[in-house]
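Q: Take a look at this one; I'll ask things after.
The values are calculated or read from the model by the stated rules, or taken from the named source; none is laboratory data. Note that this is a predicted model, so its numbers are computed, not measured. Please note: Cβ atoms are built from the backbone with ideal geometry, for glycine as well, and neighbour counts cover all protein chains shown.
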Amino acid sequence: MDYSKVAPLLRVFEMSDGHLKFAKFFLCCKGPNETDLEFMDRTTAKLPYGDMPYRDIPLDQKPKDKTDRDLWRWNKNKDKIEIDKTLESRATVLKDLEDKLDKEFDKEKPVSVTLIKLQRQKDKICKESWLCRKKQLL
């Protein structure tokens, strides 16, 4: 299959907590008599979040810099994706938790319950975070 041909639109889903998920559509999987939108609708119906509100945007409107992508939100007034500066990024939260873990470990008598709680908080954030997967690959 030729995965180089992509539909000109990207489907942006707004999750209940405000974060965004994206679906890119590979035209090699499109039926012979389907329009691009029919194909996108058929594919969307199979997604676990396919019933969430979405917008179709041109591929070039997706931000190029993924550094703060956990802060991307849909700005309804401007009808585009923007970084929500009122939120704290996962990277910042993870760094704070790692610092607290290190500080507790450095104590003469670290409190094991505190260590476990901090590690559990970190694990919850990492569960869906691309940042943790990226760190593990390095």
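Q: Quick test of your reading of the structure: E108 fulfils all but one of (1) of a type in the set (D, E, K, R); (2) over 24 Å from K127 (Cβ atoms); (3) at pLDDT 90 or above; (4) not assigned by TED's automatic domain parsing to the domain that holds K127. Name the failing condition by number.
A: Answer for E108: the failing condition is (4).
Q: So, one more: Within the stretch 4-19, track down each residue that is assigned to a loop (DSSP other than H, G, I, E, B) and touching a residue at least 12 places away in the same chain (Cβ under 8 Å).
A: Result: K5, A7, P8, M15, S16, G18, H19.
Q: Follow-up question, since we're still on this one. Testing R55 on (1) within 21 Å of V6 (Cβ to Cβ); (2) in contact (Cβ under 8 Å) with a residue 12 or more places away in the chain; (3) part of a helix (DSSP H, G or I), one condition comes back false. Which one is that?
A: Evaluating R55 over (1) within 21 Å of V6 (Cβ to Cβ); (2) in contact (Cβ under 8 Å) with a residue 12 or more places away in the chain; (3) part of a helix (DSSP H, G or I) leaves (3) as the failure.
Q: Give the number of residues within the stretch 78-111 that are over 30 Å from V12 (Cβ atoms) and without any contact (Cβ under 8 Å) to a residue 12 or more places away in the chain. Even if it seems obvious, please write down each step before you answer.
A: First, the residues of the stretch 78-111 that are over 30 Å from V12 (Cβ atoms): 98-111.
Among the residues that remain, those that are also without any contact (Cβ under 8 Å) to a residue 12 or more places away in the chain are: 99, 102-103, 105-111.
The number of residues fulfilling the criteria is 10.
Q: Can you tell me which residues in the stretch 1-33 are of a type in the set (G, A, S), farther than 16 Å from P48 by Cβ and crowded, with 18+ Cβ neighbours inside 10 Å? Please lay out each step first, then the result.
A: Step one: of the stretch 1-33, the residues of a type in the set (G, A, S) are 4, 7, 16, 18, 23, 31.
Subsequent filtering for residues that are farther than 16 Å from P48 by Cβ retains 4, 7, 18, 31.
A7 - this is the single residue of the stretch 1-33 that is of a type in the set (G, A, S), farther than 16 Å from P48 by Cβ and crowded, with 18+ Cβ neighbours inside 10 Å.
Q: Those residues that are touching a residue at least 40 places away in the same chain (Cβ under 8 Å) and in contact with a Phe, Trp or Tyr (Cβ under 7 Å, 6 or more places away or on another chain), I need them from the stretch 20-52; list them, please.
A: Passing the criteria: only L20.
Q: Within the group L37, L47, which residue is outside the structural domain of K127 (by TED's automatic domain parsing), of a type in the set (A, V, I, L, M) and under 23 Å from K127 (Cα atoms)?
A: None of the others qualify; the one that does is L47.
Q: Tally time: how many residues in the stretch 47-98 are out of contact with any Leu (no Cβ under 9 Å at 6 or more places or on another chain) and of a type in the set (G, A, S)?
A: So the answer is 1.
Q: Does D84 meet the test of being exposed (fewer than 13 other Cβ atoms within 10 Å of the Cβ) and either under 21 Å from F22 (Cα atoms) or outside the structural domain of K30 (by TED's automatic domain parsing) (or both)?
A: So D84 does not fit the description; no.
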